[in-house]
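Engineer: Sending over a structure as structure tokens; questions will come in a sec.
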Amino acid sequence: MKWIYWLGWMPFGAAFRTLFGLRITGGENLVTEGAVLVAANHQSYLDPPLISCLYNDEMFFLARKTLFTRITRWLYTKWNAIPVDQTRPDMASLKTIIRKLKDGHRVLVFPEGERTHDGDLGTAAPGIGLVATKSGAVIQPVRISGAREALPRGSARVRFASAAASVAAKLSPSLSSHPSRAA
């Protein structure tokens, strides 16, 4: 783990475990080897570091390109963030995460493409299926709860709320492994 990544990973992990009482269910399902496309719901700015803390090594994630300011660009890049343009289809970002997955890295995506407004799951943005199919990586579903209460959309104030992550069993990207296609 790069030292600058560790410098963010360590305090976030400590905060989630102590201040937010992070509960993990299904931790035995975490895929810790090889290329993994981690797909999670998106509640808060806290989601990427929360999910990153589930693993003991680095991961890559997409971040809205407007977050890459003159001041934060260096840090976000060191923390493995990949800028994505949410205002139009961004094939460059999709190609980057496909390449990262093919190189054996772990990549976090939020299929909804943005943080929830009301806590409910939104519709998946186009592109996640393409990434899953083209990369051939296993898919690790993760469900986050409590992050929206800790740092809601539109708020700059962190509140103490209980956070949880539920890790489901991995999914195979292969169409031949789908139960209705096997036979």
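Engineer: Cα-Cα over 23 Å: which of Lys78/Lys134; Lys78/Lys170; Lys65/Lys170; Lys78/Lys100?
Structural biologist: Lys78/Lys134; Lys78/Lys170; Lys65/Lys170
Engineer: Starting from the amide H of Val138, placed 1.01 Å from N in the peptide plane, find each other amide H under 5 Å away whose residue is 5 or more places distant or on another chain.
Structural biologist: Answer set, sorted by chain and number: Leu37.
Engineer: Taking springs between alpha-carbon atoms closer than 10 angstrom, which of Phe16, Phe61, Phe160 fluctuates most in the Gaussian network model of the chain?
Structural biologist: Phe160
Engineer: Further question: Sum -39500 (n - 2.57) across every DSSP H segment of at least 4 residues in the chain, then divide by the residue count to get the 222 nm mean residue ellipticity, nearest 500.
Structural biologist: Estimated from H runs of four or more residues: -8000 deg cm²/dmol.
Engineer: Using only Cα atoms, tell me the angle between helix 91-102 and the longest principal axis of the chain; keep it within 0 to 90° and round to the nearest 10.
Structural biologist: Long axis of 91-102 versus the principal axis of the chain: about 80 degrees.
Engineer: Another question about this same structure. Specify the residue with the greatest mean-square fluctuation among Arg23, Arg88, Arg159, computed from a Gaussian network of the chain linking alpha-carbon atoms under 10 Å apart.
Structural biologist: Fluctuation is largest for Arg88.
Engineer: If you build a Gaussian network model of the chain, linking Cα atoms that sit under 10 Å apart, which residue out of Ala156, Ala147, Ala132 swings the most?
Structural biologist: Result: Ala156 has the largest fluctuation of those listed.
Engineer: With a cut-off of 8 Å between alpha carbons and a minimum separation of six or more residues, what is the relative contact order of the chain in percent?
Structural biologist: Reported relative contact order: 33 percent.
Computed from the coordinates by the stated procedures, all read-outs in this text should not be read as laboratory data. Here the structure is a predicted model, which is why all the values come from computation and not from measurement.
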